[in-house]
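Only the coordinates and a few stated rules stand behind these numbers; no lab work does. These figures come from a predicted structure and were not determined experimentally. Neighbour counts run over all protein chains shown; Cβ positions are idealised from the backbone, glycine included.
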Amino acid sequence: MIDLTGIPIGEVVKKSGLRHIAFIMDGNGRWATAKGQPREFGHRAGAANFKTIVRYCKKIGIECCTVYAFSTENIKRPKREVEAIMTLLINYIAEAGDERDIEFKFIGDAFGLGENIGKKCAGLEKETEGRPYRLNIALNYGGRAEIVQAVNRLILEKKQSITEEDISSHLYTAGCPEPDLIVRTGNEQRISNFLTWQSTYSEFHFSPKMWPDYTTDDVDFAVRDFAGRGRRWGGV
Ligand code: IPE
Ligand code: IPE
Ligand code: MG
């Protein structure tokens, strides 16, 4: 194994072959509750931190970043909380086109959250198409739902039998390398229906920090941890 101590983080990214990082941005609610604040307060802080972390991943040369913003199951939450998250999202979309070099892609069923949100997401995707760094925002996303929609599209294409490549190319993430590293904050160690198909050989990194407290130094720590792993993909 190469010793990467003291090597600048951009070099570590390159040497380790880390092209796609994904974040399960968990812990906003508990972060707010611990401060005696409503959960919405945590989502606001989490949204601000998301911008910092995404910009940093781009800066250190990671080509593709995926963030879990809202799962298909999160709709079960109280209406007030869901509305607060959607308002943050709409405000973010309004300014996001100014993020330099980022191509946005919403993975999940954005239109399932309403015509208004769906159209705004599609508009941002169109506006930023072809930019060099890809940001996938998982919104109304479920890993199983993603596989089901892929299979349904293949049925519409009248496929009689399908290959793994057929499924991969019909996922929302088509065109991205599979996630090399999946980071979950919020002190939970589970996948919660995230990137079910794509994560077969991903490395996992769990942080005890709540998402609003997660820093760029923590990203460095996760990246260096990743770089020290021995990936074998079933080989020797
Ligand atoms: C993650 O934080 C953000 C969303 C799921 C939208 P949580 O809201 O799940 O925060 P905790 O896990 O309850 O602390
Ligand atoms: C996963 O977090 C979804 C997002 C971070 C958007 P949850 O808070 O919904 O996951 P569980 O319920 O703890 O598994
Ligand atoms: Mg949570």
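Starting from 0.36 nm per residue, how many nanometres of slack lie between I191 and I7 once their C-alpha separation is accounted for?
The I191-I7 span can extend by a further 63.1 nm.
Rounded to two decimals, what ratio of Rg to Rh does the chain give with C-alpha atoms and a Kirkwood Rh?
So for the chain, dividing Rg by the Kirkwood Rh gives 0.96.
This model, with +1 at the C-beta of Lys and Arg and -1 at the C-beta of Asp and Glu, gives segment 8-85 a dipole about its Cα centre of some 140 debye. Amide hydrogen proximity for F194: with H placed 1.01 Å from N in the peptide plane, the residues at 5 or more positions away or on another chain lying under 5 Å are G143. Site pair K159 and R55 shows an inter-label distance of 4.0 nm when each label is modelled 7 Å from Cα along Cα→Cβ. For the chain, the Cβ-based charge dipole about the Cα centre amounts to some 340 debye (Lys, Arg positive; Asp, Glu negative; other atoms uncharged). With an a/c value of 1.5 or above and a/b not larger than b/c for the gyration tensor axes a ≥ b ≥ c computed over the alpha-carbon atoms, segment 42-154 is described as oblate. When the Cα positions of I107, G123, Y141 are compared along the charge dipole of the chain, Y141 comes out farthest toward the positive end, with charges on each C-beta of Lys, Arg, Asp and Glu. Couplings for segment 107-112, taken from phi via the Karplus curve 6.51 cos²θ - 1.76 cosθ + 1.60 with θ = phi - 60°, read 9, x, 9, 4, 5, x Hz in order; Gly and Pro are left as x. Close amide H contacts of T66 (hydrogens built in the peptide plane, cut-off under 5 Å, sequence separation of 5 or more or a different chain): I21, A22, F23, N136. When peptides 119-125, 63-69 are ranked by their average number of other Cβ atoms within 10 Å per residue, the highest-first order is 63-69, 119-125. Over segment 21-75, all Cα pairs binned in 10 Å intervals from 0 give whole-percent P(r) values of 23, 46, 26, 5, listed from short to long.
Between V183, G10, H43, the Cα set farthest toward the positive side of the dipole of the chain (charges on each charged residue's Cβ, about the Cα centre) is that of H43. Each Cα pair under 8 Å and six or more residues apart adds its sequence gap; the mean of these over the residue count of the chain is a relative contact order of 29 percent.
Most tightly packed first, judged by the mean number of other beta-carbon atoms within 10 Å of their residues, the peptides 23-33, 221-231 read 23-33, 221-231.
How much length is gained on full extension from E129 to W233, taking 0.36 nm per residue of separation minus their Cα-Cα distance?
Once the chain is fully extended between E129 and W233, it gains 34.2 nm.
Scaling the Cα radius of gyration of segment 1-94 by the globular reference 2.2 N^0.38 Å produces a ratio of 1.34. Can you figure out the FRET efficiency of K15 with A122, using R₀ = 41 Å and their beta-carbon distance, to the nearest 0.05? Efficiency, from the Cβ-Cβ distance: 0.65.
Taking every C-alpha pair closer than 8 Å and separated by at least 6 residues, the mean separation divided by the residue count of segment 64-188 gives a relative contact order of 32 percent.
Dipole magnitude for segment 162-236: computed about the Cα centre from +1 point charges on Lys and Arg Cβ and -1 point charges on Asp and Glu Cβ, it is near 220 debye.
Multiply the residue separation of T200 and D166 by 0.36 nm, subtract the distance between their alpha-carbon atoms, and state the gained length in nm to one decimal.
Fully extending the segment from T200 to D166 adds 10.6 nm.
Enter the Cα centre distance for the pair segment 37-112 and segment 167-225, rounded to the nearest angstrom. After rounding, the separation between the Cα centres reads 15 Å.
Peptide packing for 129-140, 86-97 was compared via the average number of neighbouring C-beta atoms within 10 Å per residue; ordered from the highest value, the list is 129-140, 86-97.
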